[in-house]
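Only one structure is covered here, and it is reproduced in the block below.
The values are calculated or read from the model by the stated rules, or taken from the named source; none is laboratory data. Please read all numbers here as calculations on a predicted model, not as lab measurements. Methodologically, a virtual Cβ is constructed for each residue, glycine included, from the backbone with ideal geometry; neighbour enumeration extends over all protein chains shown.
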């Protein structure tokens, strides 16, 4: 059994990255309060990933940051602060008023978060973790992974003299032996990627420095970036034999709207459905079935299948557009895989488990499936009814939470459409809403209401080509739809007029 998570304590200089890595491993949900450098900063986590960073320092607040960056005039900021409604976040208000596009706000928040974390990397401090305290639903969240945030913070660090304090000394440099850390999605610089490719556990940091054609300061910074992310670790002993080189997958950049298709590919649709299904089932499967192995599997087969499964269902994949709303489901799958591997990967634990499994005649916990199914259906119905009432009353935030839970428990096209329409009411939720619609038409390819909602979305973005595709798809299965035929004809006339002008 893993040790209980420390919810409060202190850390020395350079102790923040190990603390954040531990929260990544634990797939935590909650808020981390950090007191260091004379002020308090707060980090919100979801499934182990930092979703937002905030600071009590005036210079590190969003408005002052935007003014300092030249993204917002000081007088305009003062006016917007006076007009900001109670209960609405400043960033969301800027987006709602058209002062800043949502995509620009996300970029600015990521840059601000990198700057804040960079200032704390080398400082001692204390922490308190509030488990379960989630980021408010209307707040803008970071798109980058925690590992990418830490690596970027090292690159932004101006103190070259103390970079070595982040590397863990001059011991032997190993690639991470933790599957979750090893398969993180991270944006690496060419120097960091090259250095990682040279790490095999048999060379010390000074030896690697001599072996790699990277200037000393750049080498130290690259090693520090790899160390704080957990992609490499420093050990006192050498590996018994050279470790296989690590190939880190770069965290995918979200596609621009103009590059997005009107629907997900069949492969993306299958992956979405598989994640939803497996997340609901994995805790009710025995450990062998979680890894899709027979009870007679060899230790090598167990290890290999575990690594393959972690890579396939890594929580960092939630950055991919079609899995954007499934961070918690991916975390649930990983936790189930890890639980199975911790037992089957150790001979003594496995022997005890096999004996228990034999005694239970292979029962897999499905006897109660009908009861669970009925309970889920009842909760979904209650959520949908209450969400409709809240939407009529104008409480969009609570309605979205209920609809989101309903869509996770039973992702029907109708529920996803209702959720998308609610999310479109907040400009910070636009990409999530777009994903819901794509999932809706993936589940029900002839769902006209969802296709029309997609067409309206692209039309509001003046992306006539995408809008036209949605209407044409409707006519493929419903060629007699007069309203769609008329809309498509009008759209084509508009496009032709634009070309002539």
List the pairs whose first member sits in region 203-215 and is on the phi > 0 side of the Ramachandran plot and not assigned by TED's automatic domain parsing to the domain that holds residue 169, whose second member is exposed (fewer than 11 other Cβ atoms within 10 Å of the Cβ) and not in a helix (DSSP H, G or I), and whose Cβ atoms are under 7 Å apart, counting only residues at least 6 apart or on separate chains? none
Take residue 105 and tell me if it is part of a helix (DSSP H, G or I), touching a residue at least 12 places away in the same chain (Cβ under 8 Å), under 20 Å from the mean Cα position of the chain (by Cα) and over 13 Å from residue 53 (Cβ atoms). yes
Could you tell me which of the residues 317, 241, 283 is part of a helix (DSSP H, G or I), at pLDDT below 95 and more than 30 Å from residue 357 (Cα to Cα)? 317
Criterion (surrounded by 12 or more Cβ atoms within 10 Å (Cβ to Cβ), within 21 Å of residue 430 (Cβ to Cβ) and without any contact (Cβ under 8 Å) to a residue 60 or more places away in the chain) met by exactly one of 57, 62: 62
Can you tell me which residues in region 1-32 are crowded, with 17+ Cβ neighbours inside 10 Å and over 22 Å from residue 227 (Cα atoms)? 29, 30, 31
Counting only residues that are over 20 Å from residue 396 (Cβ atoms), at pLDDT 90 or above and assigned to a helix (DSSP H, G or I), which one in region 440-452 is farthest from the chain's Cα centre (by Cα)? 448
Residues to consider are 149, 135, 123; find the one that is closer than 20 Å to residue 36 by Cβ, touching a strand residue (DSSP E or B) at 6+ places or on another chain (Cβ under 8 Å) and in a loop (DSSP other than H, G, I, E, B). 123
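Quick grid of which residues meet (1) farther than 30 Å from residue 284 by Cα; (2) surrounded by 16 or more Cβ atoms within 10 Å (Cβ to Cβ):
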site	(1), (2)
370	no, no
376	no, no
406	no, yes
424	yes, yes
With the requirement that a residue be crowded, with 16+ Cβ neighbours inside 10 Å, touching a helix residue (DSSP H, G or I) at 6+ places or on another chain (Cβ under 7 Å) and more than 18 Å from residue 138 (Cβ to Cβ), what does region 72-111 give you? 72, 77
Considering every residue within region 407-425, establish whether at least one is within 26 Å of residue 109 (Cβ to Cβ) and outside any helix (DSSP H, G or I). yes
When you check residue 150 against the structure, is it in contact with a helix residue (DSSP H, G or I) (Cβ under 6 Å, 6 or more places away or on another chain), closer than 19 Å to residue 192 by Cβ and buried (at least 20 other Cβ atoms within 10 Å of the Cβ), yes or no? yes
Could you look through region 293-311, keep only residues that are crowded, with 17+ Cβ neighbours inside 10 Å and assigned to a helix (DSSP H, G or I), and pick out the one that is farthest from the chain's Cα centre (by Cα)? 302
Step by step: first the residues of region 155-173, then only those that are closer than 30 Å to residue 241 by Cβ and surrounded by 19 or more Cβ atoms within 10 Å (Cβ to Cβ), then the one that is farthest from the chain's Cα centre (by Cα). Which residue is that? 172
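Every residue, every condition in (1) under 23 Å from residue 106 (Cβ atoms); (2) in contact with a helix residue (DSSP H, G or I) (Cβ under 8 Å, 6 or more places away or on another chain); (3) not in a strand (DSSP E or B), yes or no:
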| residue | (1), (2), (3) |
| --- | --- |
| 127 | no, yes, no |
| 139 | yes, yes, yes |
| 170 | no, yes, yes |
| 221 | no, yes, yes |
| 225 | yes, yes, yes |
Given the criteria more than 25 Å from residue 160 (Cβ to Cβ) and either in contact with a strand residue (DSSP E or B) (Cβ under 9 Å, 6 or more places away or on another chain) or modelled with pLDDT under 95 (or both), does residue 170 qualify? no
Which of (1) in a loop (DSSP other than H, G, I, E, B); (2) under 26 Å from residue 320 (Cβ atoms) is the odd one out, the single condition residue 158 does not satisfy? (2)
In region 320-355, what count of residues is obtained for those that are assigned to a helix (DSSP H, G or I) and within 25 Å of the chain's Cα centre (by Cα)? 19
Of all residues in region 34-48 being farther than 30 Å from residue 317 by Cβ and touching a helix residue (DSSP H, G or I) at 6+ places or on another chain (Cβ under 7 Å), the one that is modelled with the highest pLDDT: 36
Of these, 21, 51, 31, which one is touching a helix residue (DSSP H, G or I) at 6+ places or on another chain (Cβ under 8 Å), in contact (Cβ under 8 Å) with a residue 12 or more places away in the chain and within 29 Å of residue 179 (Cβ to Cβ)? 21
